[in-house]
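Below: one structure, written as structure tokens.
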Amino acid sequence: MAANPRPCNLCGEERQISFLYTRNGYSIHKCQRCGLVYVGVLPTAGELTELYGDSFFEASSKFDASANSPSLVNARDRVAQILRLPGIGRTRWLDVGCATGEFLLAGSEVAGELHGTDISAYAISEGRRRGLQNLRDGNFTDLDYSPEYFDLITMWDLIEHVEDPARVLHKAFAYLRPGGYLVLSTGDVDSLASKVMGRFWHLMIPPMHTYFFSRSTITRYLQEAGFTDLRITYTGKIVPLDFMVEKAARLASPRLSQAVQPVLRKLGLGRVRFSINLFDIMTVVARKPAHAS
Ligand SMILES: [Zn+2]
């Protein structure tokens, strides 16, 4: 059933909001004025606490402390990509939604002061245990940093989770030094994968995801926050073969998944890695103008 949706977070439209479908019991809407796709009624604070409790990170494959875990390999790729940005500073970096700190660990090999925030106190304590300092748990919009402090702010798969993307991006803009970069990743609801799969698209997962951006809507968000020099690419992810086989086995049955795990370890399939790119995840680079005050 479609409840009355809240106004569009991007353009403020209140009436011309169409209902697309229901997924996981949440109604998904699209603003007819600007094209933003979003969850009509936000999850309650209680639902969110339940969602991002310790088990979210414990269960996540991100939580993998090995030096060559897929998440760390992907994080190093991201750092390499960032170092190619013209004029990128390496003094102070901030990762918003840093989880257990993979990107910051990769960044610590090249940058000076590394900061991170995450809504999960559990993830932050794991990050600290792994040697990271300057970590703060809490909602980014409630935390304060010095204006024009950072050379780089990153948000990996974060912006589709937040309550108010406009506010998050305005804050990030304020904390960046003139000429500093914002780099974020998020799904593309206009991608072929999303269009073919509809409400079964792998990123259409309310209430965890509350916004579903496109090239057009994320561009407008960033421009309205003051960013320029936008560049959008579609970056693949590296996935080890044992992870893929185990995931396929788990779809068939949990018992099969249990049975294949020792075999996979014996075969060493974790060393075989695939790069997967469905061209439905955008990496967006944006810059704060050098002359901005
Ligand atoms: Zn709108």
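D190 passes all but one of (1) crowded, with 23+ Cβ neighbours inside 10 Å; (2) part of a loop (DSSP other than H, G, I, E, B); (3) not aliphatic (A, V, I, L, M); which number fails?
(1)
Do any strands (runs of 3 or more DSSP E) entirely within region 222-293 hold 2 or more residues that are of a type outside the set (S, T, Y) and in contact with a Pro (Cβ under 9 Å, 6 or more places away or on another chain), and if so, which?
Once the strands (runs of 3 or more DSSP E) in region 222-293 are filtered for at least 2 residues that are of a type outside the set (S, T, Y) and in contact with a Pro (Cβ under 9 Å, 6 or more places away or on another chain), what remains is 237-240, 273-276.
In region 199-211, what count of residues is obtained for those that are under 14 Å from K30 (Cβ atoms) and open to solvent by 10 Å² or more (accessible area, probe 1.4 Å)?
1
Of all residues being part of a strand (DSSP E or B) and either open to solvent by 20 Å² or more (accessible area, probe 1.4 Å) or hydrophobic (A, V, I, L, M, F, W, C) (or both) in region 32-51, which is nearest to the ligand (Cβ to nearest atom)? Just the residue, please.
Among residues in region 32-51 that are part of a strand (DSSP E or B) and either open to solvent by 20 Å² or more (accessible area, probe 1.4 Å) or hydrophobic (A, V, I, L, M, F, W, C) (or both), the one nearest to the ligand (Cβ to nearest atom) is V37.
For region 81-100, which positions are in contact with a helix residue (DSSP H, G or I) (Cβ under 9 Å, 6 or more places away or on another chain), at pLDDT 95 or above and not in a strand (DSSP E or B)?
I82, I88, R90, G97, C98
Can you confirm whether region 167-175 contains a residue that is modelled with pLDDT of 95 or more, touching a Cys at 6+ places or on another chain (Cβ under 8 Å) and not basic (K, R)?
no
With of a type in the set (D, E) and touching a residue at least 12 places away in the same chain (Cβ under 8 Å) as the only criterion, which of D142, D118 stands out?
D118
It is to be established whether one or more residues within region 138-156 are modelled with pLDDT of 95 or more, surrounded by fewer than 22 Cβ atoms within 10 Å (Cβ to Cβ), more than 19 Å from the chain's Cα centre (by Cα) and part of a helix (DSSP H, G or I).
No, there is no match, as no residue in region 138-156 is modelled with pLDDT of 95 or more, surrounded by fewer than 22 Cβ atoms within 10 Å (Cβ to Cβ), more than 19 Å from the chain's Cα centre (by Cα) and part of a helix (DSSP H, G or I).
Do any residues in region 29-53 that are farther than 23 Å from S216 by Cα and hydroxyl-bearing (S, T, Y) have Cβ atoms under 6 Å from those of residues that are open to solvent by 50 Å² or more (accessible area, probe 1.4 Å) and away from the ligand (no atom under 16 Å from the Cβ), where the two are at least six apart or on different chains, and which pairs are they?
Pairs found: Y52/I119.
Which one of these is among the small types (G, A, S) and closer than 30 Å to G12 by Cα: G131, G138?
Of the residues listed, the single one that is among the small types (G, A, S) and closer than 30 Å to G12 by Cα is G138.
Condition check: open to solvent by 20 Å² or more (accessible area, probe 1.4 Å), touching a residue at least 60 places away in the same chain (Cβ under 8 Å) and at positive phi. Does G226 satisfy that?
yes
Restricting to region 9-31, and then to whatever is closer than 18 Å to D188 by Cα and within 8 Å of the ligand (Cβ to nearest atom), can you tell me which residue is most open to solvent (accessible area, probe 1.4 Å)?
Filtering first and then ranking leaves N9.
The values are calculated or read from the model by the stated rules, or taken from the named source; none is laboratory data. The structure displayed is predicted, hence computed values, not measured ones. Cβ coordinates were reconstructed from backbone atoms using ideal geometry, including for glycine residues, and neighbour counts include every protein chain displayed. Please note that ligands, DNA and RNA were not included when accessible areas were found on the heavy atoms of the full protein model with its side chains. Shrake-Rupley method; radii C 1.70, N 1.55, O 1.52, S 1.80 Å.
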